[in-house]
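**Q** Okay, handing you the structure first.
The values are calculated or read from the model by the stated rules, or taken from the named source; none is laboratory data. Remember, it's a predicted structure, so these values are computed and weren't measured experimentally. In this analysis, Cβ positions are derived from the backbone assuming ideal geometry, glycine residues included, and neighbour counts consider all displayed protein chains. Accessible surface is based on the protein model in full, side chains and every heavy atom, while ligands, DNA and RNA are left aside. Shrake-Rupley method; radii C 1.70, N 1.55, O 1.52, S 1.80 Å.
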Amino acid sequence: MDFSVDLLNTMEKKMTSEIQKVLKAVNVSCASEVSESALMKLNKNPLAQIVNSLVSLIEQNVELCKCAAGKMDQLKSDKIADQKLLIELQKNQINSVQE
């Protein structure tokens with residue numbers, strides 16, 4: 001999986017959609033109202049579907065986070081390399097002025 005801001009936006013929409021499904025299933029209006037007792041009122045099948053869907057979403061988020069971390073490391077390395085090059089160019093410029 002390649003990392004992009006679009007993937008983050010897509011994942012946000014998926015998570016929002018899943019949260020809405022849970023809220024609808026337990027008949028509450030906001031996430032803070034979801035409780036163990038509200039979830040226990042569900043039959044096993046809907047609860048199992050919710051858990052399965054959330055596990056899948058968590059796995060996708062873990063992969064996205066790994067990709068984001070890899071991309072951040074790459075960008076950090078690129079920035080360090082650019083800064084080293086800039087320092088070297090500045091040294092060369094200083095040396096050419098001093099000559």
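**Q** Among the numbered criteria (1) among the small types (G, A, S); (2) touching an Asp or Glu at 6+ places or on another chain (Cβ under 8 Å); (3) exposed (fewer than 13 other Cβ atoms within 10 Å of the Cβ), which single criterion is violated by S53?
**A** (3)
**Q** While we're looking at this one, here's another question. Filtering the stretch 1-22 down to residues that are in contact with a helix residue (DSSP H, G or I) (Cβ under 8 Å, 6 or more places away or on another chain) and of a type in the set (V, I, T), which residue is least open to solvent (accessible area, probe 1.4 Å)?
**A** Only one residue tops the list, namely V22.
**Q** What single numbered condition from (1) charged (D, E, K, R); (2) open to solvent by less than 90 Å² (accessible area, probe 1.4 Å); (3) modelled with pLDDT of 95 or more fails to hold for K79?
**A** Condition not satisfied by K79: (2).
**Q** In contact (Cβ under 8 Å) with a residue 60 or more places away in the chain and surrounded by 10 or more Cβ atoms within 10 Å (Cβ to Cβ), is that true of A68?
**A** The answer is yes for A68.
**Q** So if I check each of V62, V51, which one is closer than 30 Å to L75 by Cβ and assigned to a helix (DSSP H, G or I)?
**A** V62
**Q** Okay, moving on. Let me spell it out: the conditions are (1) in contact (Cβ under 8 Å) with a residue 24 or more places away in the chain; (2) in contact with a helix residue (DSSP H, G or I) (Cβ under 9 Å, 6 or more places away or on another chain); (3) open to solvent by 50 Å² or more (accessible area, probe 1.4 Å), and A25 meets all of them except one. Which number is the exception?
**A** So A25 meets the others, but not (3).
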